[in-house]
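Chemist: Just passing along the structure, written as structure tokens.
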Amino acid sequence: QILGMALVTIFFAMLGKLSPASRGALMTAMIFLYVIMGNVAGYFYSRLYRTIRGKEWKKQAFLTATLFPGVVFGTCFLLNFFIWGKSSSGAVPFGTMVWLLCLWFGISLPLVYLGAYFGFRKPYQLPVRTNKIPRQVPPQPWYESSSQTLSKL
């Protein structure tokens, strides 16, 4: 999700659509892209979770959608309290913080669940086939033992 947001933002900045000179446009685009990339994060999380045969996909989707943004938002909110306390003009308005929460829970969270739903619907095929019968490992010569190998280092 973060990688997708960064790549798309850099791509649009290279095209000249996002300029650092226009105040706030770059940050707004990054927040918007992070929210929209929630479906990609949900899809890839579910494909990865399916490889390890996980069963609690709803709980894990919730953690995918809330763990990192929750830590970032909580830290920013806590730091913003100190800025409000000093009556600084650089403080983020409370309405903006509520708006970010609405984006997070109203758009990003459902998109993560939507991506996870589509990721779990598709059957997973392992890229290699494993044998049912394990291979016999022949005994190792004395010079290939772990103690001899470590002593050579």
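Chemist: With the structure loaded, tell me whether Tyr113 is under 30 Å from Thr51 (Cβ atoms), touching a residue at least 24 places away in the same chain (Cβ under 8 Å) and not in a helix (DSSP H, G or I) or whether it fails that test.
Modeler: In short, no.
Chemist: Consider Ala13 carefully, then state whether it is in a helix (DSSP H, G or I), modelled with pLDDT under 90, in contact with a Phe, Trp or Tyr (Cβ under 9 Å, 6 or more places away or on another chain) and not assigned by TED's automatic domain parsing to the domain that holds Gly119.
Modeler: no
Chemist: Same structure, new question: State all residues of the stretch 16-29 that are of a type in the set (A, V, I, L, M, F, W, C) and either surrounded by 11 or more Cβ atoms within 10 Å (Cβ to Cβ) or part of a helix (DSSP H, G or I) (or both); if no residue qualifies, say none.
Modeler: Leu18, Ala25, Leu26, Met27, Ala29
Chemist: Test Gly54 against the criterion of being assigned by TED's automatic domain parsing to the domain that holds Thr96, of a type outside the set (Lys, Arg), in a loop (DSSP other than H, G, I, E, B) and surrounded by 14 or more Cβ atoms within 10 Å (Cβ to Cβ), and give yes or no.
Modeler: yes
Chemist: Let me ask another. Among the residues of the stretch 23-38, which ones are at pLDDT below 85 and either farther than 20 Å from Trp99 by Cβ or touching a helix residue (DSSP H, G or I) at 6+ places or on another chain (Cβ under 9 Å) (or both)?
Modeler: Correct list: Leu26 only.
Chemist: Scan the stretch 22-29 and tell me whether some residue there is in the same structural domain as Ile2 (by TED's automatic domain parsing) and either within 30 Å of Pro127 (Cα to Cα) or of a type in the set (Lys, Arg) (or both).
Modeler: Scanning the stretch 22-29, I find at least one residue that is in the same structural domain as Ile2 (by TED's automatic domain parsing) and either within 30 Å of Pro127 (Cα to Cα) or of a type in the set (Lys, Arg) (or both), so the answer is yes.
Chemist: With respect to Arg53, determine if the residue is within 24 Å of Pro127 (Cβ to Cβ) and free of Cβ contacts under 8 Å to residues at least 40 places away in the same chain.
Modeler: It is true that Arg53 is within 24 Å of Pro127 (Cβ to Cβ) and free of Cβ contacts under 8 Å to residues at least 40 places away in the same chain.
Chemist: Hey, Ser46 hits all of (1) under 24 Å from Phe118 (Cα atoms); (2) exposed (fewer than 10 other Cβ atoms within 10 Å of the Cβ); (3) not acidic (Asp, Glu) but one; which does it fall short on?
Modeler: (2)
Chemist: On the basis of being surrounded by 10 or more Cβ atoms within 10 Å (Cβ to Cβ), within 22 Å of the chain's Cα centre (by Cα) and within 30 Å of Thr9 (Cβ to Cβ), does Leu79 make the cut?
Modeler: no
Chemist: Restricting to the stretch 39-49, name every residue that is under 12 Å from Met5 (Cβ atoms) and modelled with pLDDT under 90.
Modeler: Result: no residue meets the conditions.
Chemist: Name every residue in the stretch 9-36 that is in contact (Cβ under 8 Å) with a residue 60 or more places away in the chain and not aromatic (Phe, Trp, Tyr), in order of residue number.
Modeler: Passing the criteria: Ile31, Val35, Ile36.
Chemist: Continuing with this model, one more query. Just one of (1) touching a helix residue (DSSP H, G or I) at 6+ places or on another chain (Cβ under 9 Å); (2) outside any loop (DSSP other than H, G, I, E, B) trips up Leu126, so point out which.
Modeler: (2)
Chemist: Then there is this: Is there a residue in the stretch 82-90 that is surrounded by 11 or more Cβ atoms within 10 Å (Cβ to Cβ) and in the same structural domain as Gly42 (by TED's automatic domain parsing)?
Modeler: yes
The values are calculated or read from the model by the stated rules, or taken from the named source; none is laboratory data. None of these values were measured; they are calculated from a predicted model. Because the Cβ atoms are built from the backbone with ideal geometry, glycine has one as well, and the counts that use them run over all protein chains shown.
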